[in-house]
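Chemist: Here it is, the structure, as structure tokens.
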Amino acid sequence: MKRGFVAALVVAFVGLALYPTVATGYGIRFMLQLFMWVALAQSWNLISGLTGYVSFGHVAFFGTGAYAAGILVTTHGWHWGPASLVGGVAAVTLALIIGYPCLRLKGPYFAISMLGLNEVMRVLVSYFEGLTGGGSGLSFPAQPVSVQIYYAMALSALAVTGAAYFIITSRFGLRFMTIREDEVAAEAMGIDTARYKLYAFLLSAFVPGVVGGLSARDTGYIEPISVFPLIITITMIVMALFGGKGTIWGPVLGAATLFVFQELVWARFIYLHQFLFGAIIVVVVLLMPRGILGILQQRYHLPRTI
Amino acid sequence: MNVVITPAMVGQVVISGLLAGALYSMVALGLALIFGVMRVINIAHGTILMLGAYTTFWSFQLLGVNPYLSLLVSMPLMFLLGVLLQRAFVRRVVDAPELSSLLLTFGISIALVNMAQLAFTSDLRSVEFLTGAFLLGPFAFSKSRVVSFAFAVFLTLFAFWFLQKTRLGKAIRATSQSREVAMVCGINVQRIHLYSFGIASALAGAGGSLVAVMVAIQPEMGQVYTFKSFLVIVLGGAGNYPGALLGGMLLGLVEQLSSLFLTTQVSEAVAYVLLVLVLLLRPTGLFGGRST
Amino acid sequence: MQAGLILEVSDVTKRFGGVTAVNRCSLSLTPGKIYGLIGPNGSGKTTLFNCITGLERRDQGEVRFKGERIDGLKPYQVARRGIGRTFQIIRIFPELTALENLLVVTQGPFEAARRRAEELLRFVTLDRLRNEYAGNLSYGQQKLLEFVRVLMTDPELILLDEPAAGVNPTLLNELLAAITQLRDQGKTILIVEHDMKVVMGLCETVFVLDYGEKIAEGPPGVIQTDERVIEAYFGR
């Protein structure tokens, strides 16, 4: 069973690696965005699925990365690759600044404190016009780099999923989970929960920052409202939930399924887009909060490593 | 900034702040009720305010109803909507972790906003009713702000009277302090949840009706009011209803004062920093609330 | 401060708003004995535990462990110094397996930790349930799991909060035997208990709290007949 799974994985990797040679421009961008959502959902999973600290401002890291990379590329002529990595570092810096105080807050208060973060970043970015182009945004010089971004996004999704695998199957990851299970007991057992929460938070901010930079290069243009909207946070959350938060493959499954669904179905119902999305959120929250893999895990007593 | 700031300007700004604050207090009281009684974080609160604003707009536009009179329509209507939402959806996440209630109410919110967009279009609407200002010495206050203030104060005081003196009000307060004890005392907690959500929505709807005369109405207008209501609750302390009152006034003041020295955009960021600071230093609120 | 004391609680006071939960409480534990902490409900026993382990900050007084002050330390720091505790209401990690519950509290080399975990699971005959989610275990099994989890880090001082609560007689005997064994290995144990048979049978010295104050201290036989203790339990 395990052998078959690994074989399927290898086939999938090879297929995805060769995909750009046969796909259309649209196809490549489709998959590139799919990888992006996988990376985002998985990153959210690292903090919220594992430690139970629900981050409602995660798009702030995406946007910060986008702007950090954007400024380096447009103003200083950097290549988008290293610029995106710096975007990741910028996102981690933000996570450190905001996480250190806010992770001390309990449940609902942490959620509320994160809720306004994306708005503040949006406002700050608009304010420092000289640096960021303010409301007019930043434009990237035109470059046909879709295929390269495709591979970069795929690598990002792979990296964070790999990180999830190593974390969840290690004692390190178990400690994250004790925070979710019973933080007081974890402390009483000698686990420095404050430090682990911060680790999880920082880890969860890096890839969104990188992916923000890549996405900025891909679309060629960023403005405050497009990279800091609450809906991006909500989307990555619903994707992780749908597939199953706290698992390794859950966010991958959720992101892939919902993204495909979104592209294929909702484009037809463009005026009902938000309504349908809202309906999906309601359904997932009320009927399947554990997500697909979560339900399967419980029903068939599967190991955590799925 | 090279503007000279006179005492008159400060005075004007302080009073403007208080006028706006009463509105924030009223709307935030609704959110506080929902959080206090059900531990639910209602992101759709501002959306209900938006629907109240549209109710007032259409009553005015189609039937020529006095906007302030339309409170008699928007409040019961939003009360019913609140009861409906609670019965159908929210009651299922009452004891769930905050992720569920946040996501659920967000989902409801965007669905409602989308429906408003379809039904009303995203065109900006306004209710031209009370224009001009009252002049009092060196101060000028827009008439609509003053009247809205008056109604907000009245409704808020009425709400407090209701919570303090009526049986239902006391039951609501009891339930928000301890659900188990309330149940043991024979209080029908399910029904309290329904009424609380309904009353909270009525207050939000009233807020919408009152701002309809002052601001541009569009389907996404509610978001900023939700955020501000959260801020008020954090300032005032969760579960502390009088605290929400003071918190609203404080927010109004801080907002107006900072707009003297900073652009309005940055004053929003100021509001957020205030939120985080209060959460960190006095998580139970400036006026003493309960921790979860 | 006396040499050789493993725990010294001096004049500790803890208030919650207007209520004084612990009032100038002092007690000293010498190593290698089993102590009992009893008192009517609400007398401050669990609060005292919390003050010792750092879960609550005491308002006044000192707590010294092996001569060093530990009041003011964070709970995880207290735990790492060598103090373990269980809780009144079982606090295992439900979505971790029994084995993982034990592994996660360790710091050192993984293999050694795993061997010790397996050993402890065998000790309480939970080894066949090692891969079962702790949340699926029965109450008694969870109780045992919490008990051996405390032992994973080999603490010198073990605080047990109502270990006998809700436990059937057979299991209770196992637990008591285990506790005695721990004492024989040189560990110090402080037990909060309501079950007087357990306290009288197991403890060498008993402290009695009432309204947050220590009202008596001594061997079980003496405590049983102490007037103040009887008054505290049965009223004035």
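Chemist: Give me the pairs: first residue in segment C:168-185 and over 20 Å from residue C:31 (Cβ atoms), second residue not in a helix (DSSP H, G or I), beta-carbon distance under 6 Å, and six or more apart or on different chains, which are they?
Modeler: Qualifying pairs under 6 Å: C:172/C:164; C:175/C:163.
Chemist: Does residue A:283 qualify as being farther than 22 Å from residue A:58 by Cα, modelled with pLDDT of 90 or more and not aromatic (Phe, Trp, Tyr)?
Modeler: The answer is yes for residue A:283.
Chemist: Residues to consider are A:48, A:55; find the one that is surrounded by 24 or more Cβ atoms within 10 Å (Cβ to Cβ), under 13 Å from residue A:238 (Cβ atoms) and at pLDDT below 95.
Modeler: Values: A:55 fails: under 13 Å from residue A:238 (Cβ atoms).
Result: A:48 is the single residue among A:48, A:55 that is surrounded by 24 or more Cβ atoms within 10 Å (Cβ to Cβ), under 13 Å from residue A:238 (Cβ atoms) and at pLDDT below 95.
Chemist: Before we move on, is residue C:159 of a type in the set (A, V, I, L, M, F, W, C) and at pLDDT 95 or above? Show your work before the answer.
Modeler: Working: of a type in the set (A, V, I, L, M, F, W, C): yes; at pLDDT 95 or above: yes.
The answer is yes for residue C:159.
Chemist: Considering each of A:220, A:209, A:173, A:213 in turn, give the residue that is touching a Phe, Trp or Tyr at 6+ places or on another chain (Cβ under 6 Å) and crowded, with 18+ Cβ neighbours inside 10 Å. Give the steps one after another, and end with the answer.
Modeler: Details: A:220 fails: crowded, with 18+ Cβ neighbours inside 10 Å; A:173 fails: touching a Phe, Trp or Tyr at 6+ places or on another chain (Cβ under 6 Å); A:213 fails: touching a Phe, Trp or Tyr at 6+ places or on another chain (Cβ under 6 Å).
So the residue among A:220, A:209, A:173, A:213 that is touching a Phe, Trp or Tyr at 6+ places or on another chain (Cβ under 6 Å) and crowded, with 18+ Cβ neighbours inside 10 Å is A:209.
Chemist: Name the residue, out of C:85, C:116, that is within 16 Å of the chain's Cα centre (by Cα) and charged (D, E, K, R).
Modeler: From the options C:85, C:116, the qualifying one is C:85.
Chemist: Also, I was wondering about something else. For segment A:95-111, how many residues meet the condition of being assigned to a helix (DSSP H, G or I), of a type outside the set (Ser, Thr, Tyr), within 13 Å of another protein chain (Cβ to nearest Cβ) and under 18 Å from residue A:61 (Cβ atoms)? Steps first, answer last, please.
Modeler: We begin by selecting, within segment A:95-111, every residue assigned to a helix (DSSP H, G or I); these are A:95-102, A:107-111.
Okay, now just the ones that are also of a type outside the set (Ser, Thr, Tyr), so A:95-99, A:101-102, A:107-108, A:110-111.
Within this subset, residues satisfying the condition of being within 13 Å of another protein chain (Cβ to nearest Cβ) are A:97-99, A:101-102, A:107-108, A:110-111.
Going one step further and asking which of them are under 18 Å from residue A:61 (Cβ atoms), we end up with A:97-99, A:101-102, A:110-111.
Summing the residues that are assigned to a helix (DSSP H, G or I), of a type outside the set (Ser, Thr, Tyr), within 13 Å of another protein chain (Cβ to nearest Cβ) and under 18 Å from residue A:61 (Cβ atoms) in segment A:95-111 gives 7.
Chemist: Exactly one condition in (1) over 21 Å from the mean Cα position of the chain (by Cα); (2) surrounded by 15 or more Cβ atoms within 10 Å (Cβ to Cβ) is false for residue B:135; which is it?
Modeler: Unmet condition: (2).
Chemist: Considering segment B:96-125 alone, what residues qualify as being among the β-branched types (Val, Ile, Thr), part of a helix (DSSP H, G or I) and either farther than 18 Å from residue B:84 by Cβ or touching a residue at least 40 places away in the same chain (Cβ under 8 Å) (or both)? Write out each step before concluding.
Modeler: Within segment B:96-125, the first condition is being among the β-branched types (Val, Ile, Thr), and the residues that meet it are B:105, B:108, B:110, B:113, B:121.
Keeping just the survivors that are part of a helix (DSSP H, G or I) gives B:105, B:108, B:110, B:113.
Answer for segment B:96-125, where residues must be among the β-branched types (Val, Ile, Thr), part of a helix (DSSP H, G or I) and either farther than 18 Å from residue B:84 by Cβ or touching a residue at least 40 places away in the same chain (Cβ under 8 Å) (or both): B:105, B:108, B:113.
Chemist: Out of the residues in segment B:126-151 that are in contact (Cβ under 8 Å) with a residue 24 or more places away in the chain and small (Gly, Ala, Ser), state the one that is farthest from the other protein chains (Cβ to nearest Cβ).
Modeler: Keep residues of segment B:126-151 that are in contact (Cβ under 8 Å) with a residue 24 or more places away in the chain, which gives B:126-127, B:129-130, B:138-142, B:144-149, B:151.
Still in the list and also small (Gly, Ala, Ser): B:126, B:140, B:142, B:144, B:148.
Details: B:126: 23, B:140: 29, B:142: 26, B:144: 27, B:148: 25 Å.
Filtering segment B:126-151 for residues that are in contact (Cβ under 8 Å) with a residue 24 or more places away in the chain and small (Gly, Ala, Ser), the one farthest from the other protein chains (Cβ to nearest Cβ) comes out as B:140.
Chemist: Within segment C:56-72, restricting attention to residues that are free of Cβ contacts under 8 Å to residues at least 60 places away in the same chain and in contact with a Ser or Thr (Cβ under 9 Å, 6 or more places away or on another chain), which residue is farthest from the other protein chains (Cβ to nearest Cβ)?
Modeler: Filtering segment C:56-72 down to residues free of Cβ contacts under 8 Å to residues at least 60 places away in the same chain leaves C:56-63, C:68-72.
Still in the list and also in contact with a Ser or Thr (Cβ under 9 Å, 6 or more places away or on another chain): C:56, C:58-63, C:70.
Numbers: C:56: 11, C:58: 16, C:59: 18, C:60: 23, C:61: 21, C:62: 21, C:63: 15, C:70: 13 Å.
Selected residue: C:60.
Chemist: Working only within segment A:238-279, note down all residues that are buried (at least 18 other Cβ atoms within 10 Å of the Cβ), of a type in the set (Val, Ile, Thr) and within 14 Å of chain B (Cβ to nearest Cβ).
Modeler: Hit for segment A:238-279 is A:238, nothing else.
Chemist: When residue A:179 is evaluated against the numbered criteria (1) buried (at least 21 other Cβ atoms within 10 Å of the Cβ); (2) more than 14 Å from chain C (Cβ to nearest Cβ); (3) aliphatic (A, V, I, L, M), which criterion, by number, is the only one it fails?
Modeler: The single condition residue A:179 does not satisfy is (2).
Chemist: While we're here: Under 7 Å by Cβ, and 6 or more places apart or on different chains, what pairs join a residue from segment A:214-236 that is farther than 21 Å from residue A:261 by Cα and hydrophobic (A, V, I, L, M, F, W, C) with one that is modelled with pLDDT under 90 and assigned to a helix (DSSP H, G or I)?
Modeler: Sorted first by the residue in segment A:214-236, then by its partner, the pairs are A:225/A:122; A:228/A:118; A:228/A:121; A:228/A:122.
The values are calculated or read from the model by the stated rules, or taken from the named source; none is laboratory data. What you are looking at is a predicted structure, and each value in this text was computed from that prediction instead of being measured. Because the Cβ atoms are built from the backbone with ideal geometry, glycine has one as well, and the counts that use them run over all protein chains shown.
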